[in-house]
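Notes for the one structure printed next.
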Amino acid sequence: MSVDFFAGVDVGSSYAKAAVLGAQGELLGKALCPTGLDLKGAGLTALTQACAEAGVPVEGLSRTVSTGYGRDEVAGATRTRSEIFCLARGAFAALGRAMTVVDIGGQDSKIIYVDDRGRRLDYRMNRKCAAGTGAFLEIVALRMGVPLENLGALAEQTREVAPLSSFCSVFAATEVLDLLRKGYGPPAIARGVYRSVAQRVVDMGPRGPVVAMAGGVVAHHPVLLEILRETLGLEVVALSSPQLVGALGAAHLAREDGPSTEESLEGEGSATMREEA
Amino acid sequence: MADLVGAQLQSNGRLKALMAEYFGQLKVADEGGAPVAWCTSVGPAELLRAFGFQVYFPENHGAMLGATRMAGKVMAAAHGVGYSQDICSYLTSDIGAFLSGVTPLAKAYGMEAVPRPSVLVYNTNQCREVKDWFEWYGRTLGVPTLGIHSPGQLDQVTPEAIELVAAQLEHLRDALALLAPRPFDPAALAEALDHSREAAILWGRCLQTAARTPAPWVFSDHTIHMAPIVVLRGTSEAVAYYKGLLAELEALCASGTAAVPGERFRIYWEGMPIWGQLRPLAELFASHRAALVASTYCNSWVLDELDSSDPWRAMARAYLSIFICRSEGYKQEYIVRTAHEFGAGGVIFHDSKTCPHNSNSRFGMPQRIRATEGLPVLVLEGDLNDPRCFALEESRVRLEVFLEQMEDALG
């Protein structure tokens, strides 16, 4: 008797992520590696590692869905799906209830409204601007002379928030100098940086009952959860392995999808999640 | 690999020849010192032809600058003389090209420069920017600049609005009489109006063929084949061209030929084209088996209300009736009606950064249409000419989500 395995690969601007599911949707393996400049290689590496963890040969996968910036570069993918679809599916698989999914990635941020049956109701993405994304944090940390991985700990040292605009990453870096001149300490500025990211999320209009966080920024900057709770006044939770939510959703879609790319283009109605908007 | 971009029309060759002839005549006029009038795209071209002017359209030049991607290289010259990068990028690319001494007409038609105008004639029925645009040339070249000031945001094209514009047109006739190569000829105006009306009706019928499934041609084709209805409005050549195009399109309909093989999605495009990305976007849509079957930009260019029996009021009515001159409510109703008429399952709003007058996504219309019609909508940020305002990869994500929504709606 043959056993089915399904994979999702999410090649993002910073990291490639992969997840492998068994026939019942159980998570068997997952992996993550830096994307670098080789989108194809990064996707394959993540998939190979996830398969190794699952104990499944890559060629033994029944179907693979790819998503993310490098979705077209994933060898062996039977279908590509949008990040919005994959994130919503992955988040619903984890929480199983109505929510706003907030994904803050390296270069973009997005929110997706999901109802209590897992249906995507609507979504919003940031405008063509890196403010409020991982790139924003990188630029400001660089200007502050703080290693990116230490920025969160710095922000946790104080409750004071330096007022930083969320208009533009480049100008925000310049604003940091002005804030230093005004006497704010690095911890308050760091907290202001996270508040600025949180404000970008607020601007996109997340709503309750719960805000579920995905993406690399919350994975590496857990302080953002606390600041988002303060800013939003809503229940805010981090999804398990937040960077892998898109890959996990892609794997679920692979499991639920038709048998091949051409056939599945005709058979989208078989997908379990439906768009209302 | 098969060419994924739109219809393979035999008319493409005729269009190329027709445009070469048009620009060839402009070149001859320019070199021989014959009078050339510059006109906005929905300005009073028929009146100018009745006076014997060769008519040149800077907006067509702007579109060529965008399509050839020259715009991004020349706009800085216009910014340098004070024309902001936030204003119409047709204007900034056209003036920038003039200041830089370059034109896409050189490679396409052997014209080293745009033809020197004898008079500049605008109509603000599109936007106020055309007035500023033409006035720059008027000051720079020392050429008279004349204009029609149209009321905008019209729910109805009222008798009062028609009288207001008709009176300006008659005043314009008197002003042009002092500059024109020959006296005003009412019969020539009547002939130009008849040609315009006939060509407009034929153009509308050509577009209407895309209402059939599968569509024999799509938006990327429409934007190319609309050139004669813009630059040859009022001529018998435009009429003849669209008769031929219509015959070809109807034959394609009869044979069931699809511009997008395996057409699955039908989409309405609202707003300006993104000229420099026509081909990549057409390829992207085609790769998803999505056909852009109708658009505000091309479908609203039907000046079928021109009437030679009452020329001044008919011109006023036709020029005021264009989509861009109408109210938000009219526009929404037009988009919904046209989308349904063409069987579009979704609407893409191009939010063109430097063209607020032709961007209808900024006051809640997409959300209203989605709520009332249940149609998936997408707002795509870009620009008609400024390449700094559009990122294909970033837009690809949004487009793919939109197509997923349409897929879901198909069930």
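The values are calculated or read from the model by the stated rules, or taken from the named source; none is laboratory data. What you see is a predicted model; the values in this text were computed from it and never measured. Cβ sites come from the backbone with ideal geometry, for glycine too, and all protein chains shown count toward neighbours. Please note that ligands, DNA and RNA were not included when accessible areas were found on the heavy atoms of the full protein model with its side chains. Shrake-Rupley method; radii C 1.70, N 1.55, O 1.52, S 1.80 Å.
Quick notes on this one:
- 5 Å-binned pair-distance histogram of segment B:228-379 (Cα, whole percent): 2, 8, 14, 18, 19, 17, 13, 7, 2, 0
- Kirkwood analysis of the Cα pair distances in segment A:43-119 returns a hydrodynamic radius of 13.9 Å.
- Residue B:108-residue B:128 pseudo-label distance in nm [points 7 Å out on the Cα-to-Cβ vector]: 3.0 nm
- Chain A pair-distance distribution - Cα-Cα, 10 Å bins, rounded %: 7, 30, 32, 20, 8, 2, 0, 0
- Contact order relative to length of chain A, as percent, for alpha carbon pairs under 8 angstrom and 6 or more apart: 23 percent
- Förster-model FRET efficiency, 45 Å R0, residue A:226 and residue B:81, C-beta, rounded to 0.05: 0.30
- If the chain linking residue B:257 and residue B:31 were pulled fully straight, counting 0.36 nm for each residue of separation and taking away their Cα-Cα distance, it would gain 76.9 nm.
- Shown in residue order for segment B:169-182 are the 3J(HN,Hα) couplings computed by the Karplus curve 6.51 cos²θ - 1.76 cosθ + 1.60 at θ = phi - 60°: 5, 5, 5, 4, 4, 5, 5, 5, 4, 7, 10, 7, x, 8 Hz (x for Gly and Pro).
- Chain B: Cα Rg divided by the 2.2 N^0.38 Å rule of thumb: 0.95
- Chymotrypsin sites (Phe, Trp or Tyr not before Pro) within segment B:288-374, DSSP loop, no more than 15 other Cβ atoms inside 10 Å: B:363
- Partners for residue B:243 among aspartates and glutamates (Cα-Cα distance below 16 Å; same-chain residues under 8 apart left out): B:194, B:198, B:304
- Evaluating 6.51 cos²θ - 1.76 cosθ + 1.60 at θ = phi - 60° for every residue in segment B:262-274, the Karplus couplings come out as x, 2, 10, 10, 10, 10, 9, 9, 10, x, 5, x, 9 Hz, glycine and proline recorded as x.
- For the protein assembly as shown, the carbon plus sulfur part of the accessible surface works out to 53%, probe radius 1.4 Å.
- Remark on the protein assembly as shown: hydrodynamic radius 27.5 angstrom, per the Kirkwood mean of 1/r across alpha carbon pairs.
- Cα centroid of segment B:92-163 to Cα centroid of segment B:1-75, whole Å: 14 Å
- The heavy atoms of residue A:79 present about 20 square angstrom of accessible area, all protein chains included, probe 1.4 Å.
- Translational diffusion of segment A:213-260, estimated by Stokes-Einstein from the Kirkwood radius over alpha carbon pairs at 10 °C in a medium of 1.306 mPa s, is 131 µm² per second.
- Of B:339, B:371, B:314, the one that fluctuates the most in a GNM where chain B has Cα springs shorter than 10 Å: B:371
- Distance cut-off 18 Å, percentage of C-alpha pairs in segment B:1-86 lying past it: 64 percent
- Helix-only mean residue ellipticity at 222 nm for chain A, each DSSP H run of n ≥ 4 adding -39500 (n - 2.57), per residue, nearest 500: -12000 deg cm²/dmol
- Cα long-axis angle, helix A:186-204 against chain A (0 to 90 degrees, to the nearest 10): 50 degrees
- Counting only protein chain heavy atoms and rolling a 1.4 Å probe, the accessible areas of A:182, B:331 rank, largest first, as A:182, B:331.
- For segment B:272-325, the Kirkwood estimate of hydrodynamic radius, built from reciprocal distances between every pair of different alpha carbons, is 13.6 Å.
- The simple spin-label model puts a point 7 Å past each Cα toward its Cβ; for residue B:164 and residue A:121 those points are separated by 4.4 nm.
- Listed residues B:68, B:296, B:372 arranged by accessible area, highest first, probe 1.4 Å: B:372, B:68, B:296
- Amide hydrogen proximity for residue B:351: with H placed 1.01 Å from N in the peptide plane, the residues at 5 or more positions away or on another chain lying under 5 Å are B:380, B:381, B:382.
- With the whole protein complex present, residue B:98 retains an accessible surface near 70 Å², based on a 1.4 Å probe.
- Shape call, segment A:129-170: gyration tensor on alpha carbons, a/c limit 1.5: oblate
- Simple label model, 7 Å out from Cα along Cβ direction - residue B:362 to residue B:393, nm: 2.9 nm
- Amide hydrogen proximity for residue B:125: with H placed 1.01 Å from N in the peptide plane, the residues at 5 or more positions away or on another chain lying under 5 Å are B:150.
- Cα-based equivalent ellipsoid, segment A:107-264: semi-axes from gyration tensor eigenvalues, Å: 33, 16, 14
- The residues A:110, B:16, sorted by heavy-atom accessible surface at 1.4 Å with ligands and nucleic acids left out, run B:16, A:110 from largest to smallest.
- Size of the B/A contact, given as accessible area buried on both chains, probe 1.4 Å, in Å²: 2200 Å²
- Segment B:23-69, Cα convex hull volume normalised per residue, Å³: 70 Å³
- Equivalent-ellipsoid semi-axes of segment B:13-165, from the Cα gyration tensor, Å, largest first: 25, 20, 15
- Computed 3J(HN,Hα) for segment A:6-22, one whole-Hz value per residue from the Karplus formula 6.51 cos²θ - 1.76 cosθ + 1.60 where θ = phi - 60°, is 9, 10, x, 10, 10, 9, x, 5, 10, 9, 9, 10, 9, 9, 10, 10, x, glycine and proline marked x.
- Nearest-0.05 FRET efficiency for residue B:211 and residue A:210, computed from C-beta distance (R0 51 Å): 0.65
- Between 0 and 90°, nearest 10: helix A:223-232 axis offset from chain A longest Cα axis: 80 degrees
- Across all directions, the shadow cast by the convex hull of segment B:79-196 built on its C-alpha atoms averages 9.8 square nanometres.
- Relative to the dominant Cα principal axis of chain A, helix A:169-181 is inclined by about 30°.
- Residue pairs, from the table B:73/B:331; A:30/A:110; B:107/B:353; A:110/B:353; A:40/B:353, whose Cα atoms sit over 27 Å apart: B:73/B:331; B:107/B:353; A:40/B:353
- Overall Cα dimensions of segment A:12-76 - principal axes, largest extent first, Å: 33, 18, 17
- The calculated FRET efficiency for residue B:12 paired with residue A:159, based on their beta-carbon distance and R0 = 60 Å, is about 0.35.
- Residue-level accessible surface for residue B:81, protein heavy atoms, 1.4 Å, Å²: 80 Å²
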